[in-house]
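Worksheet for the structure shown next.
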Amino acid sequence: MNGLGVGCLLACLITISPLLAEDFTNAGFESGNFDGWTIGGRKDARAKVIPSGPVFDQLGQSSQFRSSGGWEGHSVSPLLDRLNNRYLLQIGSDGYLKASTESSVRIEAGKQYAVSLIGLSRNGGEAIYYLDVYAIGKDRRLPLGTAQYTARSDELFRQTLSFTVEKDNPHIGKRIGLTARYRGRNLLDNAAIQVSP
């Protein structure tokens, strides 16, 4: 495995499907800084940017990851194997924390959107993970839906929420945001949006 790091999933997503892929403009940790994410939900919530290389080396040694296909066959590994994938966002608390970020992508009528986030559980047990997707209003969030996934410790997983809005919907023209409600200690890759014209 070479050239790994965090950033937009543009190149990988385009090779998987003929969709237009947009990154979240908050991809600050691609260059090793923390810009673009807001962490909260608990007083002990914490986050930092860490190099991806040692994490991916450990992942490659995981029997769980290898039994799911490893770097050659795991459904998520092609999305991680990117030349600019040098950092991950490490988050943690003693309970559920909230990691939120906003995109520059605005919702248009009739298009289909798929908002996705890759996570690696480091909880030491099983937990339910929630991905809330919303439109960013002037003074509030307008919900678009929640994706839910139950992951075991050290499991690499991808959460995706797809939606389409029709004409005259109040979400039209507003930017897309997401909040990951994750328990314990976890690692996040950068979020991405697929837009089907």
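The values are calculated or read from the model by the stated rules, or taken from the named source; none is laboratory data. All of these numbers come straight from a predicted model, not from anything done at the bench. Using ideal geometry, Cβ is built from the backbone for each residue, glycine included, and neighbour counts are taken over all protein chains shown. For the accessible areas, the whole protein counts, side chains as well, though only heavy atoms, and no ligand, DNA or RNA atoms are used. Shrake-Rupley method; radii C 1.70, N 1.55, O 1.52, S 1.80 Å.
Here are a few things to note about the model shown:
- Among residues of the range 32-66, those that are farther than 22 Å from ARG183 by Cβ and among the aliphatic types (A, V, I, L, M), counted: 0
- Taking first residues from the range 124-140 that are touching a residue at least 60 places away in the same chain (Cβ under 8 Å) and partners that are surrounded by 12 or more Cβ atoms within 10 Å (Cβ to Cβ) and among the small types (Gly, Ala, Ser), the Cβ contacts under 8 Å between residues at least 6 apart in sequence or on separate chains come to GLY124/SER153; GLY124/GLY184.
- Out of ASN186, ASN169, sole residue that is of a type outside the set (D, E, K, R) and at pLDDT 95 or above: ASN186
- Among residues of the range 116-166, those that are of a type in the set (Gly, Ala, Ser) and under 12 Å from the mean Cα position of the chain (by Cα), counted: 3
- Residues within the range 150-196 that are in a strand (DSSP E or B), open to solvent by 10 Å² or more (accessible area, probe 1.4 Å), small (Gly, Ala, Ser) and in contact with a Gly (Cβ under 8 Å, 6 or more places away or on another chain), tallied: 0
- Among the residues listed as THR179, THR160, THR146, THR164, the single one being within 19 Å of VAL76 (Cα to Cα), out of contact with any Cys (no Cβ under 9 Å at 6 or more places or on another chain) and among the β-branched types (Val, Ile, Thr): THR160
- Segments classed as strands (runs of 3 or more DSSP E), wholly inside the range 18-121, with at least 3 members that are open to solvent by less than 80 Å² (accessible area, probe 1.4 Å) and either at pLDDT 95 or above or out of contact with any Phe, Trp or Tyr (no Cβ under 8 Å at 6 or more places or on another chain) (or both): 20-23, 87-106, 112-121
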